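> Below is the structure I would like to discuss, written out as structure tokens.
The values are calculated or read from the model by the stated rules, or taken from the named source; none is laboratory data. Keep in mind that this is a model prediction, so the values were computed, not measured. No Cβ is skipped: glycine too gets one built from the backbone with ideal geometry, and neighbour counts run over all protein chains shown.
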Amino acid sequence: MKLTKVRVQNYRSVEDSEEFEIGDLTCLVGKNEAGKTALLSAMRGLAPSQPFEFDEVIDYPRRFSTRFDERHPDGKAEVIRTWWRLEDDDKAAVEERFGDGVLNGDVFQSEFGFRYDDDVRLWTIEIDQAKALENLVSKHALDATDRNVLHGVQDGPSADKALTALAERTPKQEALLLEIKKSKGSSFTKGVIGVLAARQPKFFFTSHFERMSGMVSIEKLQQDKQNNTVSVGDKIFLDFLEYAGTTLEDLKNVDRREELKAKCEAASNEITEEIFQFWSQNNALEVVIEIDNAKPKDPAPFNTGMVADIRIKNTNHKATLPLSERSAGFVWFFSFLAQFKQLKKTPGNGNAVILLDEPGLTLHGKAQGDLLRYIVERLLRDHQVIFTTHSPFMVPMDRLADVRIVEDVVIEKPGKRPEVKGTKVRSDVLEVNDDTLFPLQGALGYEVTQSLFIGANTWLVEGPSDILYLQVLSQALTKRRRVGLDPKWTLCPSGGIDKITPFVRLFGGNKINVAVLSDIANGDKTKIENLKKADILKAGHFYTCADFTNQVESDVEDLFDADLFVEILNEAYKPPAANAVTKDALMAAAPTPRIVKKAEALFKLMPATVADFDHFGASRWLLENPSVLDVDTPAVMVTLDRFERIFKAFNDLLLE
């Protein structure tokens, strides 16, 4: 099942966050003290993977603490409400127990808060009670006589009552009664909840403060475990040991010292190797675990018993230093992976929702980019990830639809006390104050300075290859005294649909006339509809390539006649004669109308000597060989006609 929506109330600074959507990746952006950590903590409390409880004294909004009963007449205060979407295996688990047709939808709600009865999470899910009973009756093959006692009965409790009232029950009636009683209170709704609750992902939380201890006294850690006073750093060390396949008790066994050292080295090497797939700062670091007897002159508690010393070795400088004295960012990354890998090994946590509070805060900007890449490429394979940040380098600029803004809203009123609204979460990433907007401005500004050129009339396209195609086709048209690109237009690569809204919002104040030509795929339709509804572009200033190709999905390459594009591919990539691209082979390469996707699929079958297909290769060849457009073949004429229609449409949008 997937978490789809969240609402937090009555928790620290969050009086009511209002509902906000959750995707595979959700980035909560806001300045310090905006309430980001409170949001994660509230979510965590619904189903924590680590020990965690709400504390009413500390966590209930302090300014309302004396008015609890007044604000909550039913005696309980909701903190976290979540919406979940069932997946096929969840539905199958319910159907295995209760049969087909029991669920009246694939969405349910789960909530929890202060003073909830018996620490029970409340669920809201729609169940067809009569269908569940019918399925169970059929499962146990009750005949007409056996069924008579259930005439008019529509739910579990009523069926339980009717069957229990019988002086004698047939074996089939007895089996049905036992089946019904498997559900708490004989309620089919609670039975379904029981099935799904066991499958509901737990919430794994970690913050940038949580780093593994650099030195650990084995005896003291054993005492702390018994007293439930283990520090966060030591808890991560325990996670590391469990992941390595050993225990504190094993560490005290002198006879197995070498074996234990080997296990710890193997685990640390594996984690370190994974870090270096994403760590661009320094690849000369290694984590070394030393297990030895304490030295009498060391400070307590490291002067008695066994001591585990975790050190970072720099292979360039041939030196080791205690973990606590090395890069805080690297230590955090190693600590997080130790926790995460042990989480994956723990039964029931394989599909946990991962909550990261200010991850990588101490990392260099480039290293934060590495961490963000790790989150997307590694964690999202099996987990939903929700993380908070106020760093521009942790904002996923290629996934701005996944960004939510967190703001502590206080409305100033002249001559009156300010009205405090508390923490709010918004999906419109740019309708907030400047301080909150800063990380987004910084992130977009960084990318903009790398490649952006704008003018009074700015025509946004997807990427550089689109610019090459438009320029070459414009030259071919004007050479024939037909309509090409008006020189008043400045072509600008936007990098995709997600970046169009922030571009217009951030630069629209400069009186820029912006028009857009966008690619469109199935997954882009909702984004395009939302962009048009946002009304940030002038009417008629947004086109997709599909507007000029009569296809549902289109890229700029689809404006080319297929025969001409086949010719360009063969000339640009020079495949062997036996592998030359043909129109029939290209069209059959993939079940999509998009010719670039067909080309990608076809080129995967090419010999290793043929370069992989990419957008830029074909456009670069056309730039270097524009004479291919000088002939009057049907393929060239159809292509020129399509591009001329585009230039006419966009030239009509120019400001004088």
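Per-residue answers, yes or no, for (1) touching a residue at least 40 places away in the same chain (Cβ under 8 Å); (2) in contact with a Cys (Cβ under 6 Å, 6 or more places away or on another chain); (3) part of a helix (DSSP H, G or I):
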site	(1), (2), (3)
I312	no, no, no
F334	yes, no, yes
L337	yes, no, yes
A367	yes, no, yes
I375	yes, no, yes
T423	yes, no, no
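> Follow-up. Just wondering, is there one or more residues in the range 282-299 that are touching a Gly at 6+ places or on another chain (Cβ under 9 Å) and at pLDDT below 80? Steps first, answer last, please.
Filtering the range 282-299 down to residues touching a Gly at 6+ places or on another chain (Cβ under 9 Å) leaves 293-294.
Next, only the ones that are at pLDDT below 80 stay: none.
No, the range 282-299 contains no residue that is touching a Gly at 6+ places or on another chain (Cβ under 9 Å) and at pLDDT below 80.
Each row is one residue, and each column tells you yes or no for (1) in contact with a Phe, Trp or Tyr (Cβ under 9 Å, 6 or more places away or on another chain); (2) polar (S, T, N, Q).
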| site | (1), (2) |
| --- | --- |
| S41 | yes, yes |
| R62 | no, no |
| A92 | no, no |
| G105 | no, no |
| D128 | yes, no |
| L142 | no, no |
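> Would a scan of the range 497-518 turn up a residue that is modelled with pLDDT of 75 or more and in a loop (DSSP other than H, G, I, E, B)?
The answer is no; no qualifying residue exists.
> A follow-up question, please. Go over the candidates D408, D398, D382 one by one and state the one that is without any contact (Cβ under 8 Å) to a residue 40 or more places away in the chain and not aliphatic (A, V, I, L, M).
On the way: D408 fails: without any contact (Cβ under 8 Å) to a residue 40 or more places away in the chain; D398 fails: without any contact (Cβ under 8 Å) to a residue 40 or more places away in the chain.
Result: D382 is the single residue among D408, D398, D382 that is without any contact (Cβ under 8 Å) to a residue 40 or more places away in the chain and not aliphatic (A, V, I, L, M).
> Name the one entry in V57, V8, V94, V29 that is touching a residue at least 24 places away in the same chain (Cβ under 8 Å) and either under 18 Å from F114 (Cα atoms) or surrounded by fewer than 17 Cβ atoms within 10 Å (Cβ to Cβ) (or both). Reasoning before the result, please.
Details: V57 fails: touching a residue at least 24 places away in the same chain (Cβ under 8 Å); V94 fails: either under 18 Å from F114 (Cα atoms) or surrounded by fewer than 17 Cβ atoms within 10 Å (Cβ to Cβ) (or both); V29 fails: either under 18 Å from F114 (Cα atoms) or surrounded by fewer than 17 Cβ atoms within 10 Å (Cβ to Cβ) (or both).
Exactly one residue qualifies, and that residue is V8.
> Tell me which helices (runs of 4 or more DSSP H) are completely within the range 578-636 and hold 2 or more residues being over 20 Å from T549 (Cα atoms), or say none if there are none.
On the way: elements: 583-587, 595-603, 615-624.
Output list reads 595-603, 615-624.
> Also, quick follow-up: Can you find, within the range 112-121, the residue that is surrounded by the fewest Cβ atoms within 10 Å (Cβ to Cβ) among those that are among the hydrophobic types (A, V, I, L, M, F, W, C) and closer than 17 Å to F203 by Cα? Spell out the reasoning first.
First, pick out the residues of the range 112-121 that are among the hydrophobic types (A, V, I, L, M, F, W, C): 112, 114, 120.
From the residues that got through so far, the ones that are closer than 17 Å to F203 by Cα too are 112, 120.
Numbers: F112: 20, V120: 8.
For the range 112-121, the residue satisfying everything is V120.
> In addition: If I go through the range 115-151 residue by residue, how many of them are more than 23 Å from L103 (Cα to Cα) and part of a strand (DSSP E or B)?
Qualifying residue count for the region: 0.
> Restricting to the range 73-91, and then to whatever is surrounded by 18 or more Cβ atoms within 10 Å (Cβ to Cβ) and of a type in the set (D, E), can you tell me which residue is farthest from A197 (Cα to Cα)? Reasoning before the result, please.
First, the residues of the range 73-91 that are surrounded by 18 or more Cβ atoms within 10 Å (Cβ to Cβ): 77-84, 86, 90.
Subset that is of a type in the set (D, E): 78, 90.
Working: E78: 19, D90: 10 Å.
The selected residue is E78.
> Which residues, counting only those in the range 185-197, are free of Cβ contacts under 8 Å to residues at least 40 places away in the same chain and within 35 Å of the chain's Cα centre (by Cα)?
K190, G194 - these are the residues of the range 185-197 that are free of Cβ contacts under 8 Å to residues at least 40 places away in the same chain and within 35 Å of the chain's Cα centre (by Cα).
> Still on this structure, I have one more. Inspect the range 232-244 for any residue being in contact with a Ser or Thr (Cβ under 8 Å, 6 or more places away or on another chain), free of Cβ contacts under 8 Å to residues at least 12 places away in the same chain and under 30 Å from S335 (Cβ atoms) and give the result as yes or no.
Within the range 232-244 (the criterion being in contact with a Ser or Thr (Cβ under 8 Å, 6 or more places away or on another chain), free of Cβ contacts under 8 Å to residues at least 12 places away in the same chain and under 30 Å from S335 (Cβ atoms)), the answer is no, since none of the residues qualifies.
> Then there's this: Within the range 603-631, how many residues are over 20 Å from L586 (Cβ atoms) and either touching a residue at least 60 places away in the same chain (Cβ under 8 Å) or not assigned by TED's automatic domain parsing to the domain that holds K583 (or both)?
3
> Shifting gears a bit: Examine the range 340-349 for a residue that is touching a Ser or Thr at 6+ places or on another chain (Cβ under 8 Å), over 21 Å from D24 (Cβ atoms) and without any contact (Cβ under 8 Å) to a residue 40 or more places away in the chain, and state whether such a residue exists.
Checked against the condition, which is being touching a Ser or Thr at 6+ places or on another chain (Cβ under 8 Å), over 21 Å from D24 (Cβ atoms) and without any contact (Cβ under 8 Å) to a residue 40 or more places away in the chain, the range 340-349 yields no hits at all.
> Which condition breaks for E210 when tested against (1) of a type in the set (D, E); (2) in a helix (DSSP H, G or I); (3) in contact with a helix residue (DSSP H, G or I) (Cβ under 8 Å, 6 or more places away or on another chain)?
(2)
> Moving to a separate point now. Specify which of the listed residues (K416, K421, K345) is exposed (fewer than 15 other Cβ atoms within 10 Å of the Cβ), modelled with pLDDT of 85 or more and out of contact with any His (no Cβ under 6 Å at 6 or more places or on another chain). So that I can check it myself, show each step before the final result.
Details: K416 fails: modelled with pLDDT of 85 or more; K345 fails: modelled with pLDDT of 85 or more.
The match here is K421.
> Give me the residue from the range 348-378 that is at pLDDT 85 or above and among the charged types (D, E, K, R) and, out of that set, surrounded by the most Cβ atoms within 10 Å (Cβ to Cβ). Explain how you work it out, then say what you get.
First, the residues of the range 348-378 that are at pLDDT 85 or above: 351-359, 371-378.
Then keep just the ones that are among the charged types (D, E, K, R); that gives 357-358, 373, 377-378.
On the way: D357: 22, E358: 19, R373: 14, E377: 11, R378: 16.
In this case the residue turns out to be D357.
> Can you pull out the residues in the range 586-616 that are within 12 Å of P575 (Cβ to Cβ), buried (at least 18 other Cβ atoms within 10 Å of the Cβ) and either in contact with a strand residue (DSSP E or B) (Cβ under 8 Å, 6 or more places away or on another chain) or modelled with pLDDT under 90 (or both)?
Result: F613, single match.
> For T82, indicate whether it is outside the structural domain of V230 (by TED's automatic domain parsing) and either closer than 30 Å to A130 by Cα or hydrophobic (A, V, I, L, M, F, W, C) (or both).
Criteria met by T82.
> Here is a follow-up. Inside the range 222-242, can you point out the residues that are of a type in the set (A, V, I, L, M, F, W, C) and either in contact with a strand residue (DSSP E or B) (Cβ under 7 Å, 6 or more places away or on another chain) or closer than 19 Å to F209 by Cβ (or both)? Can you show your working first?
Just the residues of the range 222-242 that are of a type in the set (A, V, I, L, M, F, W, C), to begin with: 230, 232, 236-238, 240-241.
Passing the criteria: V230, V232, I236, F237, L238, F240.
> On to the next question. Filter the range 72-91 down to the residues that are of a type in the set (K, R) and in contact (Cβ under 8 Å) with a residue 60 or more places away in the chain and list them by number. Walk me through how you get there before you give the answer.
Here is the first cut: in the range 72-91, the residues of a type in the set (K, R) are 76, 81, 85, 91.
Hits for the range 72-91 are R81, R85.
> May I pose another question? Answer yes if at least one residue in the range 158-166 is under 26 Å from K91 (Cβ atoms), in a loop (DSSP other than H, G, I, E, B) and free of Cβ contacts under 8 Å to residues at least 40 places away in the same chain, and no otherwise.
First, pick out the residues of the range 158-166 that are under 26 Å from K91 (Cβ atoms): 158-160.
Still in the list and also in a loop (DSSP other than H, G, I, E, B): none.
So far as the range 158-166 goes, no, none of its residues is under 26 Å from K91 (Cβ atoms), in a loop (DSSP other than H, G, I, E, B) and free of Cβ contacts under 8 Å to residues at least 40 places away in the same chain.
> Restricted to the range 548-577, and to residues that are assigned to a helix (DSSP H, G or I) and touching a strand residue (DSSP E or B) at 6+ places or on another chain (Cβ under 9 Å), which residue is farthest from R594 (Cα to Cα)? Write out each step before concluding.
Residues of the range 548-577 assigned to a helix (DSSP H, G or I): 548, 556-559, 562-573, 577.
Those left that are additionally touching a strand residue (DSSP E or B) at 6+ places or on another chain (Cβ under 9 Å): 548, 556.
Values: F548: 13, V556: 10 Å.
Checking each candidate, the answer is F548.
> Please go through the range 632-656 and give me each residue that is among the charged types (D, E, K, R) and without any contact (Cβ under 8 Å) to a residue 40 or more places away in the chain, ordered by number. Give the steps one after another, and end with the answer.
First pass over the range 632-656, keeping only residues among the charged types (D, E, K, R): 632, 641-642, 644-645, 648, 652, 656.
Residues satisfying the conditions are D632, D641, D652, E656.
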